[in-house]
1. For region 164-294, what log10 I(q)/I(0) values come out of the Debye formula at q = 0.09, 0.12, 0.16, 0.17 1/Å, with one point per alpha carbon and no solvent?
2. On average, how much area does the Cα convex hull of region 297-350 cover when viewed from any direction, in nm²?
3. Name the residue farthest towards the positive end of the dipole of the chain from the options Phe18, Asn46, Ser84, assuming +1 on Cβ of Lys and Arg, -1 on Cβ of Asp and Glu, about the Cα centre.
4. Roughly what % of DSSP beta bridges within the chain run antiparallel, to the nearest 5?
5. Net charge within 13 Å of Gln56 by Cβ-Cβ distance, Lys/Arg positive one each and Asp/Glu negative one each, not counting Gln56 itself?
6. Using only the Cα atoms of region 1-142, what semi-axes does the equivalent ellipsoid have when each is the square root of 5 times a gyration tensor eigenvalue? Give whole Å, largest first.
7. For the chain, what value does the Rg/Rh ratio take when both radii are computed over Cα atoms and Rh is the Kirkwood radius, given to two decimals?
8. So what's the projected area for region 113-204, the Cα convex hull averaged over all directions, in nm²?
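A short reminder: the numbers here are calculations on the coordinates, not readings from a lab. Note that the coordinates shown come from a computational prediction; the quantities given were computed from them, not determined experimentally. When we count neighbours, we look across all protein chains shown, and the Cβ atoms used for this are built from the backbone with ideal geometry, even at glycine.
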Amino acid sequence: MSTVNISSHSTSTAVVNFAPEKGSVELREIPLPEIGATDVLLEVANVGVCGSDLHQWTADHSWPVNYPVVLGHEFGGRIVDLGSDVVGWKPGDRVVSETAAIIDPQNPMTRRGLYNLDPTRKGFGYGVNGAMTKYVRVPARILHAVPEGLPLEHACLTEPCCVAYNAVVKNARIEPGDRVVVLGPGTIGILCAAMARLCGAEVALVGLESDRNRLKIAEAYGCESIIGDATAWARERDGLGCDGVIDAAGASITLKIALEIVRPAGWISKVGWGPQPLGFNLDPLVQKNITLQGSFSHHWTIWERVIALLASGRLDVRPIIGGIWPITQWQEAFEKMHHGEVVKSVLTPV
């Protein structure tokens, strides 16, 4: 049953990706979502703009999209309605949501708790309607409580922080004192660098001349910033290379660079997406006995750890937030990120 009066909101404004062609994103009025027995209706407070939203806008993504679809999968807000079978939540609760909107409970990966690796998984913003709108339907199973004192405009970025946590803490062999190079100063790269610092590593974040502003932001997390070649920094200790590399760039050339600068028996955690073919020899992977590990998405326990880090202040997302825009100004927010003027744009529904 409805727990609040939302009858005056039969429709809401949404940022909709309506076709696969470049630029096929616009504001549309959409009906209020209908929730099922195990869902909640969430009033969105803030939604982060992700690189994947930009890729769907520029039509250079490499994943299937169910058009038309409301963009946005980094979000937090307040519960305004509950399905009949939902327990443990109440109207007004401040929450953030994971991205696995649809999963198969019988899939072997789901049964292991790794539902992020369920091949049939569908996420917000490409598989089902996302959160760049006023109200979004969310399965109660993927909700997490936001502690008092953690602003929702910060909590909405839990998702990219979880991507970084998985790449650095779960899928890398990082140890205190390691020298770690992070390639790519986008949101995920900067957060990976911050996470590696929390693990006790010496960290250098590497980018291009055009990335100078974003590299500067990484220095707020205690990282060194390098424009161009990181070879000298990687080999500074004993000439053999850095202990590990986190490839957050999504271009094939960065994996080649990672193979060159990592030490024998080192590791590479690849979290960046990119559709380009490799086009280079992988023999260094064998010759140097390197561990190459992919990292994708996140799951329940990672979210709980990251929320604790955010609430304690040990992980601070304020340095990466370049501004908060009303959802009606989505294009400006997208363009600011696309051109590298800001690291992360945050939207507020109207």
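1. -0.21, -0.37, -0.68, -0.78
2. Values: hull surface 19.6 nm².
Average projection, Cα convex hull of region 297-350: 4.9 nm².
3. Ser84
4. On the way: 32 of 60 bridges.
Looking only at bridges with both residues in the chain, the antiparallel portion is about 55 percent.
5. Values: positive: Lys22; negative: Glu21, Glu26, Asp53, Asp60.
The answer is -3.
6. On the way: eigenvalues 116, 89, 26 Å².
Taking √(5λ) for each eigenvalue gives 24, 21, 11 Å, largest first.
7. Working: Rg = 20.3 Å, Rh = 20.7 Å.
So for the chain, dividing Rg by the Kirkwood Rh gives 0.98.
8. On the way: hull surface 32.0 nm².
Over every viewing direction, the Cα hull of region 113-204 projects on average to 8.0 nm².
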